[in-house]
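Data first, discussion second: the structure below is written as structure tokens.
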Amino acid sequence: MPTYRFQCEQCGLSFTARGAVDVKEAKCECGKQAKRTLPQNVNVTVSGGNADLRTDTVGLSGVDYNFDRAVGEMSARNWKGIANRQRDKLDVVQANGVTGWDLSRNPDGTYGVMTPEERAKSESSRGFHFKMVDHGKKTQPK
């Protein structure tokens, strides 16, 4: 089956999916139906070396706008999530009088203070990591 590009008019997501030649829509991650975007039958005739392929004649400008909007919305959500995690970490640090090195992320996404045993294992693992990074720098060919 060929791969086609689809654009969701609800959330703006642009994605590829495999489908039969006659498939015009595919299900988006948001649950709505996304439409196949690029023209299916494009004929370009070039005469005299001058072809007119402006975006307004092939319908690509709308796709570009929706893609940019979807990327912008996704970026805003991601940055908001990062800001919320930073705020949550700072709240735990201030409430417990510890540093960020003392925190661990719980399975539910919240943050907690490590026990002394967990902290010792974390430091050991961190030390091993940096040791391997240094070793890699020394042994890599220049």
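Every number here is computed from the coordinates shown, using simple stated rules; none is lab data. Just so we're clear, the structure is a prediction, and the values are computed from it rather than from any experiment. Using ideal geometry, Cβ is built from the backbone for each residue, glycine included, and neighbour counts are taken over all protein chains shown.
Quick notes
- Excluding same-chain neighbours fewer than eight residues apart, the lysines reachable from residue 131 by a Cα-Cα span under 25 Å are 121, 142.
- The alpha-carbon of residue 24 sits under 25 angstrom from the alpha-carbons of these lysines, leaving out residues fewer than 8 places away in its chain: 32, 35.
- Distance between segment 1-39 and segment 80-142 - C-alpha centres, whole angstrom: 40
- Label-to-label distance, nm, for residues given as residue 94 and residue 128 (7 Å Cα→Cβ offset): 3.6
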